[in-house]
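S.K.: Shown below is the structure under consideration.
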Amino acid sequence: MHSFTPGAVSPPVSVPPRPALSVPPQPRLRLFGSPVRSLKTLWAWPLVLSLLVVVGVMFWLRSQEQASLTSQREEMISDALSLEAQINGRLDGELAQLRMLGDIIDAGRLRPEVFASHPVVLDGLRRFWVSVTWLGPDGRIQAHQPEDVAAVGDTRRQLSDDGGLTGHLSVTLHSASDHPGGLLVARFSAAALLRQKVPWWLASKYDIRLVDQSDDVIAATVESPRDETLAWYRVSLGSSLPGVWLELTSHERVAPWWRTLPVALMLGFLGLIAGASFMLRKQMRSVSRAEEAWRTEAAWRTAMEDSLAVGIRARDLDGRLVYVNKTMADMVGYQPEDLVGLLPPMPYWVPDELDQSMRRHLRNMAGQAPRGGYESRWQHRDGRIVEVMVYEAPLVDAQGVQIGWMASIVDITERKHLEERERRQMEAVAHQARLTMLGEVASTLAHELNQPLSAITSYNTGLLNALSGRPEVPEPVLKALQRQGEQAGQAARIVKRIREFLTRREPQREPCAIDEVVASGLSLLRREISRLGVEVHNDVPSGLPQVVADPVLIEQVVANLVRNACDAMAHQDAPRRIRIQAEAVHAATAGEGAPASSFVRVTVTDSGPGLHGQTVTTLCAPFFTTKSDGMGMGLAICRSIVELHYGALDCVDVPGGGAAFSFSLPLVPPASDDEDHVGDPTPQEIDA
Ligand code: ADP
């Protein structure tokens, strides 16, 4: 823990060597042209990308749908062709049986009477045939089995037992010796054909129908009409059953791509992304607005900090400079980036005062910097000394935790110079005042000594005259008297010469404005007035006629009267007030025909204890004072000066408390007058 005790003998402080000034430039705030501006549309990117993904997925689904349709169709064609081959195979087999029967008839080995009992006929009817008919060349029925089933007529299709339509197979009979030829026709049930030839797995996949050219259903595996929305395929049964088509209608419906689950999911996903993007956009807008506001504020702050006349410096808890504004950097002749990051000793510390500066730094870091600020001396980069006033304060973050120290720095070099100059001026004025007073003292002494010396000379002359004729008076006595008279005369001459020398200075008269003179006189006492907290009301108007006077001497009069007023009020608790007034007075003349006298009267009134009835004569008497450290010459000198200007000094008690001192100065001084008329004793006075 470091401490600092003013006035105590401080232990030597080890000052680490100064770091080189090669501190990397700190990143500066980029206020304009920020890349964030281009990210304003960033919120839309997820939505756009999602849309692209969704479109891609939809294309894929569509192609999948096409592929499914194609594969379904191919499978259906293959199934249809396979079924058609089986049906045709079956019909070909039946046709072969029928042809065998026809061959038997053609060979004459079967007569119509035994037709019904022939094994081929019986097998055919048991197996597949609905009926079999033997027609003669004239179309008349030779034989027909079974008899209860309708024979072949004109219509090519008739109903079977199960209600379905029937087809027929026929072979031509050739005429022979024992029969004239004809036609053998076997009817079969199309429904039975389908029932027998369509395997279960095919029936579970498809609705299978046999349709004719006019699109009428001959037989079907299902009762329901065809669903036009389902995929179907037809294949002709060709020569086996001319004009009959085998039609397969798939049970499986390939859903359009836009009605699939992925599409629903994608649309839901898109909706969510759109909602999220909207919220993101809202959020980004508010962030962007906040950022815009922050940028404006930062720009304002930087501009304000740079335009401040006060330097600002922030340090972390280790004493490292973390921020300096332009004013502070300019004060010591560096760039802000040269200083930021530096640790003590700072480059602007005065080299001869490094120990002192380090002690002050340690004291500040310990939180013991004077609350009212402290004065310090820094060195500008060009070598000149900069006087500064530093006010330290803790630097806290948003959580209220102290993270360093913030200081405001005021350059008081100019003020210090002014104060020094003013102090020297005051000293010179005081010295001058003392000299003036000394001259007045000497003048007064000379005046006071003049009378006794003249008296001594006169008495000595009288004594010599009285004793010179008397023989009893020894010669040495007469000589001594004579020498005494000579010495007294010599002393009187010396005193007279001194007085002549002291009163020889002519006032440097010139026309001057009394308000300016009063203001100058007041300015001499500015410090005293503010130290005592005196309220001064200068009510001297500026338009008063000018007086012909020595402004320097009149300033002294004003200053002396104001100083006396301040002294009189120095120990009172009551309000300390001084009012200075001035007026032009045109007084009536004393005698008939005499010119009117015009003068300016200046009055200094205070709120002090007053004069207790003392007259101006008493107060202006040389060496009259009531102050322990007073000389009692101030008012005497004032009166001399005022009278030197043909004016008069006066004072009165103010009703209600306080004193009023006034002096008057004629506007036009008398053309010729004996300036030495004041206080010079006449021979009569001496004689008296
Ligand atoms: P000094 O100031 O050295 O005492 P001055 O001749 O200026 O000599 O004043 C003589 C005295 O006149 C002072 O000691 C004081 O008693 C009295 N005096 C002067 N001005 C005032 C005033 N404004 N109010 C009361 N007393 C005053």
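Readers should treat all values here as calculations from the given coordinates under stated rules, not as data from a laboratory. From a predicted model like this one, the values you see are computed outputs, not experimental measurements. Every residue, glycine as well, gets a Cβ built from its backbone with ideal geometry; the counts of neighbours run over all protein chains shown.
S.K.: Set Lys and Arg Cβ to +1 and Asp and Glu Cβ to -1, take the dipole of the chain about its Cα centre, and tell me which of HIS537, ILE141, GLN379 lies farthest positive.
M.R.: It is ILE141.
S.K.: Then there's this: Return the FRET efficiency for the residue pair ASP318, ARG424: r is the Cβ-Cβ distance, R0 is 51 Å, and the value is rounded to the nearest 0.05.
M.R.: Calculated transfer efficiency: 0.70.
S.K.: Can you tell me, using C-alpha contacts under 8 Å and at least 6 residues apart, the relative contact order of region 177-280 as a whole percent?
M.R.: 22
S.K.: Same structure, new question: Pull out the extension gain between TRP300 and ARG109, defined as 0.36 nm times the separation in residues minus the alpha carbon to alpha carbon distance; nm, one decimal.
M.R.: The TRP300-ARG109 span can extend by a further 56.2 nm.
S.K.: Within 10 Å, Cβ to Cβ, of GLY311, how many net charges do the neighbouring residues add up to if Lys/Arg are +1 and Asp/Glu are -1?
M.R.: -1
S.K.: Efficiency by 1/(1 + (r/R0)^6): what FRET value for THR70 and PHE278, r their Cβ-Cβ distance, R0 = 45 Å, to the nearest 0.05?
M.R.: Computed FRET efficiency for THR70 and PHE278: 0.65.
S.K.: Starting from the Cα gyration tensor of region 285-333, multiply each eigenvalue by 5, take the square root, and state the resulting semi-axes largest first in whole Å.
M.R.: In descending order, the three semi-axes are 27, 15, 6 Å.
S.K.: How would ARG579, ARG483 line up from fewest to most surrounding beta-carbon atoms within 10 angstrom?
M.R.: Fewest-to-most Cβ neighbours within 10 Å comes out as ARG483, ARG579.
S.K.: Using a 7 Å offset from the Cα along the Cα-to-Cβ direction at both SER458 and ARG384, what is the distance between the two label points in nm, to one decimal?
M.R.: 6.9
S.K.: For every helix of n ≥ 4 consecutive DSSP H residues, a contribution of -39,500 (n - 2.57) applies; sum these over the chain, divide by its total residues, and give [θ] at 222 nm rounded to the nearest 500 deg cm²/dmol.
M.R.: Calculated mean residue ellipticity at 222 nm is -14500 deg cm²/dmol.
S.K.: At a threshold of 8 angstrom on Cα-Cα distance, excluding pairs fewer than six apart, so keeping six or more, what relative contact order does the chain reach in percent?
M.R.: 9
S.K.: If Lys and Arg each add +1 and Asp and Glu each add -1, what is the summed charge of the other residues whose beta carbon sits under 12 Å from the beta carbon of SER542?
M.R.: -3
S.K.: In debye, nearest 20, what is the charge dipole magnitude of the chain about its Cα centre with +1 on Lys and Arg Cβ and -1 on Asp and Glu Cβ, if you could check?
M.R.: It works out to roughly 1480 debye.
S.K.: Rg to Rh for the chain: what is it, with Cα atoms only and Rh by Kirkwood?
M.R.: Here the Rg-to-Rh quotient is 1.69.
S.K.: Taking the Cα centroid of region 61-136 and of region 531-587, what is the distance between the two, rounded to the nearest whole Å?
M.R.: Their Cα centres are 149 Å away from one another.
S.K.: How much length is gained if the chain between LYS326 and ASP653 is pulled fully straight, taking 0.36 nm per residue apart and subtracting their Cα-Cα distance, in nm to one decimal?
M.R.: 111.8 nm
S.K.: What full-extension length gain, to one decimal in nm, is calculated for PHE269 and ASP123 as 0.36 nm per residue of separation minus the Cα-Cα distance?
M.R.: Computed gain between PHE269 and ASP123 is 45.8 nm.
S.K.: Using Cα pairs closer than 8 Å and at least 6 residues apart in sequence, work out the relative contact order for region 467-569, in percent.
M.R.: 32
S.K.: While we're here: Tell me, what is the FRET efficiency for VAL401 and ARG526 to the nearest 0.05, using R0 = 51 angstrom and their Cβ-Cβ distance as r?
M.R.: Given R0 = 51 Å and the Cβ-Cβ separation, E is 0.65.
S.K.: Tell me, TRP201, TRP232 in order of fewest to most beta-carbon neighbours within 10 Å?
M.R.: Going from sparsest to densest Cβ surroundings: TRP201, TRP232.
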